[in-house]
1. So, in the range 139-186, of the ones that are in contact with a His (Cβ under 9 Å, 6 or more places away or on another chain) and among the β-branched types (Val, Ile, Thr), which residue ends up nearest to residue 62 (Cα to Cα)?
2. Within the range 168-194, can you find the residues that are buried (at least 21 other Cβ atoms within 10 Å of the Cβ), in contact with an Asp or Glu (Cβ under 9 Å, 6 or more places away or on another chain) and not hydroxyl-bearing (Ser, Thr, Tyr)?
3. Working only within the range 205-217, note down all residues that are within 18 Å of residue 54 (Cα to Cα) and more than 13 Å from the chain's Cα centre (by Cα).
4. Check off (1) more than 20 Å from residue 192 (Cβ to Cβ); (2) touching a residue at least 60 places away in the same chain (Cβ under 8 Å); (3) away from the ligand (no atom under 16 Å from the Cβ) for residue 37 and give me the number that stays unchecked.
5. Here are 119, 85, 37: which of them is under 29 Å from residue 246 (Cβ atoms), of a type in the set (Gly, Ala, Ser) and out of contact with any helix residue (DSSP H, G or I) (no Cβ under 8 Å at 6 or more places or on another chain)?
6. Identify all residues within the range 195-209 that are at pLDDT 95 or above and in contact with an Asp or Glu (Cβ under 7 Å, 6 or more places away or on another chain); write none if there are none.
7. Which pairs turn up if I take residues in the range 44-67 that are near the ligand (Cβ under 9 Å from one of its atoms) and look for partners that are modelled with pLDDT under 85 with beta carbon separation below 9 Å, at least 6 apart in sequence or on another chain?
Amino acid sequence: MLKQLKSIIHTITLRLFPSKTAPCLICKHDSPIKETAYHRTFYECPNCSLIFTLDYDIYTIQKGMGMEGSWTGPGGGGFREYWLAAFLSKELELKSILLFGTGNTITFRRLKEEGYNVAGCDITPELVESRKKEFGDDSFFYPHMMPQDRRFDIIICVEVFEHFVEPRQSFNYLTSILSDNGIICGTTNFYLGGSIVDSNNPGYMSHIRHIIYWSKESLKNIAKQYNLETSCFEMISPGSVIPDEKFGQLWPNKRVFFLHKAIYNDFFSKLFLKNPILPIDKP
Ligand SMILES: [Zn+2]
């Protein structure tokens, strides 16, 4: 209770009295205010282009998304994770899959039932404990508590990257559990220029747990430091073509990203020529 209260006071103080500059969450470069949007102060790093806010509530973030954990509520969503897992394992014959920050969707169970080599992880204790009980200790984990020798060919982070409080640490960790030619992929909304206030209601960066507003440039900048290339795509829904089921809106900033070794450049360039909007049509 005291921790929660302290965290709320900290957030309110930052909102009322934001500092004029803040150290970039990735490169520590002194970053000026870019914009005040949704009553939050956003900074933009002149060195690596990262757009971020400091006025998050760490208590809320550390608690995780609970059993709801998804766009469409408990048990809903997860189609993007499923599509990415099935697509990459089929097209590139990648085998072991980690659903990182998967929440309470049916995807983990579905992939297991279909015979995929899949593990899951999340920060919500009640979710992790119930999955461990059902599927065993080697199937579901807390992040950062994976067995040391475990490596994954596909790490799927759907709507996870925008929550990173310490993106450098998160990248260190994700790349440490990635196999040599493994791929990190997921979705997030991209900053495409102009105001941070986007066309959606609620706006993407109004969400209290959203801390980083990635762009292709900032994602490329950090991926490059881990010897990874960045390939990005739009998607059908929730994205550029069909309105989403919950809000009835297009989400034109939504992007699917793949962080991969240069050996896959050709694969992703050809895919982009054929399908710049991936046929992902459910949340
Ligand atoms: Zn930076």
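1. Selected residue: 184.
2. Selection gives 178, 182, 183, 186, 189.
3. 205, 206, 207, 208
4. Only one criterion is unmet by residue 37, namely (1).
5. Values: 85 fails: out of contact with any helix residue (DSSP H, G or I) (no Cβ under 8 Å at 6 or more places or on another chain); 37 fails: out of contact with any helix residue (DSSP H, G or I) (no Cβ under 8 Å at 6 or more places or on another chain).
Of 119, 85, 37, the one residue that is under 29 Å from residue 246 (Cβ atoms), of a type in the set (Gly, Ala, Ser) and out of contact with any helix residue (DSSP H, G or I) (no Cβ under 8 Å at 6 or more places or on another chain) is 119.
6. Result: 195, 196, 204.
7. Between residues of the range 44-67 that are near the ligand (Cβ under 9 Å from one of its atoms) and residues that are modelled with pLDDT under 85, there is no close pair.
Residue-by-condition table, conditions (1) more than 17 Å from residue 263 (Cα to Cα); (2) touching a Lys or Arg at 6+ places or on another chain (Cβ under 8 Å):
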{"residue": "148", "(1), (2)": "yes, no"}
{"residue": "157", "(1), (2)": "yes, no"}
{"residue": "160", "(1), (2)": "yes, no"}
{"residue": "167", "(1), (2)": "yes, no"}
{"residue": "179", "(1), (2)": "no, yes"}
{"residue": "185", "(1), (2)": "no, no"}
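The values are calculated or read from the model by the stated rules, or taken from the named source; none is laboratory data. This structure is a prediction, so every number in the text was calculated from the model and none was measured. So basically every Cβ, Gly included, is an ideal-geometry build from the backbone, and we count neighbours across all protein chains shown.
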